[in-house]
1. Counting only protein chains, not ligands or nucleic acids, how are TYR131, TYR69 ordered by accessible area (probe 1.4 Å), most first?
2. Measure of size requested: the Rg and Dmax of segment 19-108, with Cα atoms as the atom set and Å as the unit; please supply both.
3. Using a 1.4 angstrom probe and counting only protein chains, how large is the accessible area of HIS82 in Å², to 10?
4. Using a Gaussian network model on the chain with a 10 Å cutoff between Cα atoms, which of VAL140, VAL149, VAL74 fluctuates the most?
5. With unit charges on the beta carbon (Lys/Arg positive, Asp/Glu negative), name the residue among GLN22, THR132, PHE101 whose Cα is farthest towards the positive pole of the charge dipole of the chain.
6. Enter the accessible area per residue of the chain (Å², integer; probe 1.4 Å; all protein chains in place).
7. What is the gain in length, in nm to one decimal, between PHE110 and HIS172 on full extension, counting 0.36 nm per residue of separation less the C-alpha to C-alpha distance?
8. Among THR54, THR160, THR94, determine the one that fluctuates most according to a GNM of the chain built with springs between C-alpha atoms less than 10 Å apart.
Amino acid sequence: MLQGPRHWVNGGLGLRYAHLEQDFSQSGPSIVLPNDQLAVNTDIEFDGGGPRLTLDGGRLLGNRGFSIYARSSVSPLTGKFHANYNFRTESTDTPLAAVNFEDHRIMTLFDYGLGLAWSGPRKRWRFAAGYTQSYWFNAVTTADFIPAVQSGNYSGISDTIMFDGLTARVEHLW
């Protein structure tokens, strides 16, 4: 921990668990079977855990408790992807193709955030709002899974998923 009268930098070590779900479904007319619809469904899930390394810092703005902050973390997670692919006719529900895929792998999560915070007069509570981005590296995604099923080659499935948005937090400080 590095701290001065108007700034701070903290590091941390913890544990992280992640669960990810992706669902896809599509239907369309069949060229081979007139007056019938073909349907494709995929369901992809990940469960994993591992260490979480964090770094956060901030700087006070004026004397009224406002500050700017930045925080980031990285987590190498070991876990398992489970993916299902179903291709069928809708009228008879006849399966044309079905694949169940499982893969154990290390998926790395990296996230960072920037924002503005306000701490109460006794520095026990902090209210913060900002912007966060999170990257999930080495993920199995629908965009990679469907072509892998169609080609029968599952060796190159690895993609990056990015989540971002506005965040708000209330913290109790010790």
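The values are calculated or read from the model by the stated rules, or taken from the named source; none is laboratory data. Just so we're clear, the structure is a prediction, and the values are computed from it rather than from any experiment. Cβ sites come from the backbone with ideal geometry, for glycine too, and all protein chains shown count toward neighbours. Side chains included, ligands, DNA and RNA excluded: accessible areas come from the protein's heavy atoms. Shrake-Rupley method; radii C 1.70, N 1.55, O 1.52, S 1.80 Å.
1. So, going from the largest accessible area down, we get TYR131, TYR69.
2. Answer for segment 19-108, Rg first and Dmax second: 23.1, 74 Å.
3. 60
4. VAL149
5. THR132
6. Details: 10750 Å² over 174 residues.
Counting only protein heavy atoms, the per-residue value for the chain is 62 Å².
7. Gain in length upon complete extension: 19.9 nm.
8. So, out of THR54, THR160, THR94, the one fluctuating most is THR94.
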